[in-house]
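Structure, as structure tokens:
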Amino acid sequence: SGAFGTALQLDGVDQFVEITGGDNTALSFAGGSMTLSTWFRADNFDKSWQALIADGESNRWRLHRRSAEGGFAFVGGNGDTPAGADISIGEWHHIAAVADPNGGSKVWLDGAVYAENTAAGSLGENNKNIMIGENPDALGRTWNSLIDDVALWNRVLSESEIQSLAAGQAVAAAASQTIAHLDTAAFDGNF
């Protein structure tokens with residue numbers, strides 16, 4: 001079970017989800033802003049640089065365990081944020097990360113600012129698919145635990161919106177947006 005219904009459980013060996021179909025550059029947000037949000041539970045850190053969700057290395061974006069540390073970092077077109085404090089193992093956490101070309105990168109853990117890189121950045125493109133639980137530019141960094149309720153936005157969410165997500169509430173949609181929740185059960189085990 002996950003934070004909302006069922007969650008994706010990955011074995012840390014060879015399991016991950018690759019987002020395919022359509023334009024694989026659409027979620028790179030090259031030259032723009034983005035926000036990534038997800039719930040996760042870390043049951044085991046068993047390798048360095050484990051990727052929670054990633055578009056790649058260098059000037060792409062990725063949310064990951066930093067090296068062999070016990071905390072997370074985010075790259076948003078401007079290099080890693082420092083690793084935040086060690087994550088408590090075996091507990092659900094909400095994490096959100098933003099890349100803003102005018103404001104750098106910032107990570108929130110459970111609704112509070114967790115790590116930040118204030119250097120201006122520019123998200124790039126690598127023509128690869130996004131992976132949940134792996135890094136398309138540096139394979140072998142598979143996640144070992146649970147991931148739930150992954151969401152991406154092509155804008156910087158406000159602090160209050162991120163705190164709402166951490167409280168288990170939805171972010172209000174603009175008139176042109178559609179909010180849909182797809183539980184992992186809908187994939188019928190075909191990962």
Residues (open to solvent by 30 Å² or more (accessible area, probe 1.4 Å) and modelled with pLDDT of 95 or more) located in the stretch 1-10: Gln9
Complete set of residues in the stretch 63-78 that are farther than 11 Å from Leu123 by Cβ and either open to solvent by less than 10 Å² (accessible area, probe 1.4 Å) or in contact (Cβ under 8 Å) with a residue 60 or more places away in the chain (or both): Leu63, His64, Gly71, Phe72, Ala73, Phe74
For the stretch 101-119, indicate whether the set of residues that are under 22 Å from Ser1 (Cβ atoms) and more than 16 Å from the chain's Cα centre (by Cα) is non-empty. no
Looking across the stretch 119-140 at residues that are open to solvent by 10 Å² or more (accessible area, probe 1.4 Å) and among the polar types (S, T, N, Q), the single one that is nearest to Gly77 (Cα to Cα) is Ser122
Tell me which residues, restricted to the stretch 40-56, are open to solvent by 10 Å² or more (accessible area, probe 1.4 Å) and assigned to a loop (DSSP other than H, G, I, E, B). Asp43, Asn44, Phe45, Asp46, Lys47, Ser48, Trp49
Anything in the stretch 79-109 that is closer than 14 Å to Ala120 by Cα and either open to solvent by 10 Å² or more (accessible area, probe 1.4 Å) or among the β-branched types (Val, Ile, Thr) (or both)? List them, or say none. Gly79, Asp80, Thr81, Val98, Asp100, Pro101, Asn102, Gly103, Lys106
How many residues, within the stretch 106-140, are in contact (Cβ under 8 Å) with a residue 60 or more places away in the chain and among the hydroxyl-bearing types (Ser, Thr, Tyr)? 1
When the residues of the stretch 14-39 are narrowed to those that are in contact with a Gly (Cβ under 8 Å, 6 or more places away or on another chain), hydrophobic (A, V, I, L, M, F, W, C) and in a loop (DSSP other than H, G, I, E, B), which ends up surrounded by the most Cβ atoms within 10 Å (Cβ to Cβ)? Phe16
Matching residues in the stretch 141-170 (open to solvent by 40 Å² or more (accessible area, probe 1.4 Å) and either in contact with an Asp or Glu (Cβ under 6 Å, 6 or more places away or on another chain) or without any contact (Cβ under 8 Å) to a residue 12 or more places away in the chain (or both)) number 6
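The values are calculated or read from the model by the stated rules, or taken from the named source; none is laboratory data. From a predicted model like this one, the values you see are computed outputs, not experimental measurements. With ideal geometry, Cβ positions are generated from the backbone for all residues, glycine too; neighbour counts draw on all protein chains shown. Quick note on the areas: whole protein, heavy atoms, side chains included, nothing else; ligands and nucleic acids left out. Shrake-Rupley method; radii C 1.70, N 1.55, O 1.52, S 1.80 Å.
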